[in-house]
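To start, the structure itself, in structure tokens.
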Amino acid sequence: MIFVVCNEKGGSGKSSLAQTLAVYLKSKGNTDPLLIDADPQRTTAEWAAERADSDLPQIPCVELTGNITKPLQDLKNRYGSIVIDCGGADSKAMRSAMAYADVALLPFRPKRRDLKVAPGMSDIVDTALAINSKLKIFSCITQAPTLPSQGYRILAAKSLLESLDLKPLNHITRNLNGWDDADESGHSVLEWQQDSKAGEDAKAVFDELMELLDEK
Ligand SMILES: Nc1ncnc2c1ncn2[C@@H]1O[C@H](COP(=O)(O)OP(=O)(O)OP(=O)(O)O)[C@@H](O)[C@H]1O
Ligand SMILES: [Mg+2]
């Protein structure tokens, strides 16, 4: 299965989610994931390189830009699953990945400026669906405020994403330092022993995603 994690808004949590999803898939044991860094900023490639120097379970990573459909066709036969981390802008790599992937996961922070790009992303999704009808779309609220009094922001963001057919997952990731801290030496929040809260969020998000995919 090919997952593409994308959103043209920078900093929404794409690289963090893509890396953690690859670790999650690897931990399931029945799939041999490949990470594709499709962002010239190389966040995920650098993370994977640091991880390669550690004792953690290894996850191969390749860097691709431009139209990545053809390389995806080749790589699909060699890996149990592929997770693509796109850059924080509309790009040929993002559109070509969506044209071939099985699942698109769109992270959104529940903030005005992030949600402003949601209609544009919905249009890009529609264009992708016109050529790739098997593509399943989900969005995920990330870096959500932890104060209960701010819960209305999460509900409002979910409601907007729902109205745009971007299928927000019920589970979210809270704004927790564990995401930044776990980055050390190529760890993921799922493996970060010092603080398990961020990892619990990630597991809940991916468990829900896999359950929904099993149902479809
Ligand atoms: N749930 C979270 N809580 C707190 N910090 C987070 C969370 N998710 C990600 N971050 C942090 O936010 C920053 C941006 O995350 P990330 O690099 O994953 O975003 P991105 O969408 O890939 O950015 P870009 O568009 O630049 O590629 C990082 O410092 C990351 O550690
Ligand atoms: Mg990134």
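Please work out if LEU25 is in a strand (DSSP E or B), more than 16 Å from ligand 1 (Cβ to nearest atom) and either modelled with pLDDT of 95 or more or of a type outside the set (S, T, N, Q) (or both).
Working: in a strand (DSSP E or B): no; more than 16 Å from ligand 1 (Cβ to nearest atom): yes; either modelled with pLDDT of 95 or more or of a type outside the set (S, T, N, Q) (or both): yes.
So LEU25 does not fit the description; no.
Among the residues of the stretch 39-73, write down those that are over 17 Å from the mean Cα position of the chain (by Cα) and part of a loop (DSSP other than H, G, I, E, B).
ASP53, SER54, ASP55, LEU56, PRO57, GLN58, THR65, GLY66, ASN67, ILE68
Residues in the stretch 76-84: is at least one within 15 Å of the chain's Cα centre (by Cα), in a loop (DSSP other than H, G, I, E, B), surrounded by fewer than 24 Cβ atoms within 10 Å (Cβ to Cβ) and of a type in the set (D, E, K, R)? Can you show your working first?
Narrowing the stretch 76-84 to residues within 15 Å of the chain's Cα centre (by Cα): 81-84.
Now narrow it down to the ones that are in a loop (DSSP other than H, G, I, E, B): none.
The answer is no; no qualifying residue exists.
Okay, residues lined up against (1) surrounded by 15 or more Cβ atoms within 10 Å (Cβ to Cβ); (2) touching a strand residue (DSSP E or B) at 6+ places or on another chain (Cβ under 6 Å); (3) free of Cβ contacts under 8 Å to residues at least 60 places away in the same chain:
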| position | (1), (2), (3) |
| --- | --- |
| ASP37 | yes, yes, yes |
| ARG42 | yes, no, yes |
| ARG51 | yes, no, no |
| CYS61 | yes, yes, yes |
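Return the pair list, or none, for Cβ contacts closer than 8 Å from residues in the stretch 78-104 that are modelled with pLDDT under 95 to residues that are away from ligand 2 (no atom under 16 Å from the Cβ) and not aliphatic (A, V, I, L, M), at least 6 apart or on different chains.
Listed pairs, sorted by first residue: GLY80/ASN30; GLY80/THR31; GLY80/ASP32; GLY80/PRO33.
Kindly indicate whether GLN143 is within 16 Å of ligand 2 (Cβ to nearest atom) and more than 23 Å from TYR100 (Cβ to Cβ).
Numbers: within 16 Å of ligand 2 (Cβ to nearest atom): yes; more than 23 Å from TYR100 (Cβ to Cβ): yes.
Judged against the criteria, GLN143 is a match.
Return the only residue of ASP181, ASP195 being out of contact with any His (no Cβ under 6 Å at 6 or more places or on another chain), of a type in the set (D, E, K, R) and near ligand 1 (Cβ under 10 Å from one of its atoms). Quick ask: steps written out before the conclusion?
On the way: ASP195 fails: near ligand 1 (Cβ under 10 Å from one of its atoms).
Selected residue: ASP181, the only one of ASP181, ASP195 that is out of contact with any His (no Cβ under 6 Å at 6 or more places or on another chain), of a type in the set (D, E, K, R) and near ligand 1 (Cβ under 10 Å from one of its atoms).
Between ALA93, ALA128, ALA156, which is within 14 Å of ligand 1 (Cβ to nearest atom) and either in contact with a helix residue (DSSP H, G or I) (Cβ under 7 Å, 6 or more places away or on another chain) or hydrophobic (A, V, I, L, M, F, W, C) (or both)? Don't jump to the end; show me each part of the working.
Details: ALA128 fails: within 14 Å of ligand 1 (Cβ to nearest atom); ALA156 fails: within 14 Å of ligand 1 (Cβ to nearest atom).
Only one candidate qualifies: ALA93.
Being touching a residue at least 40 places away in the same chain (Cβ under 8 Å) and β-branched (Val, Ile, Thr) is the filter here; which residues of the stretch 139-184 pass it?
Passing the criteria: THR142, ILE154, THR173.
Can you give me the number of residues within the stretch 104-124 that are within 17 Å of GLY87 (Cβ to Cβ) and either out of contact with any Asp or Glu (no Cβ under 9 Å at 6 or more places or on another chain) or not in a loop (DSSP other than H, G, I, E, B) (or both)?
Step one: of the stretch 104-124, the residues within 17 Å of GLY87 (Cβ to Cβ) are 104-109, 114, 117, 120-121, 124.
Still in the running and either out of contact with any Asp or Glu (no Cβ under 9 Å at 6 or more places or on another chain) or not in a loop (DSSP other than H, G, I, E, B) (or both): 104-109, 114, 120-121, 124.
Number satisfying all stated conditions: 10.
Any residue that is without any contact (Cβ under 8 Å) to a residue 40 or more places away in the chain and not basic (Lys, Arg) - is there at least one of those in the stretch 109-122?
No, there is no match, as no residue in the stretch 109-122 is without any contact (Cβ under 8 Å) to a residue 40 or more places away in the chain and not basic (Lys, Arg).
Please enumerate the residues belonging to the stretch 182-216 that are more than 16 Å from ligand 2 (Cβ to nearest atom) and under 17 Å from GLY11 (Cβ atoms).
ALA198
Being of a type outside the set (A, V, I, L, M, F, W, C), more than 15 Å from ligand 1 (Cβ to nearest atom) and either in a helix (DSSP H, G or I) or at pLDDT below 95 (or both): is that true of GLU200 here?
Values: of a type outside the set (A, V, I, L, M, F, W, C): yes; more than 15 Å from ligand 1 (Cβ to nearest atom): no; either in a helix (DSSP H, G or I) or at pLDDT below 95 (or both): yes.
Answer is no for this residue.
Please work out if ALA157 is in a helix (DSSP H, G or I) and over 24 Å from THR44 (Cβ atoms).
Numbers: in a helix (DSSP H, G or I): yes; over 24 Å from THR44 (Cβ atoms): yes.
Spelling it out, ALA157 is indeed in a helix (DSSP H, G or I) and over 24 Å from THR44 (Cβ atoms).
The values are calculated or read from the model by the stated rules, or taken from the named source; none is laboratory data. Fair warning: this is a prediction, and the values are worked out from it, not measured in the lab. Here Cβ is always computed from backbone atoms with ideal geometry, including for glycine, and neighbour counts include all displayed protein chains.
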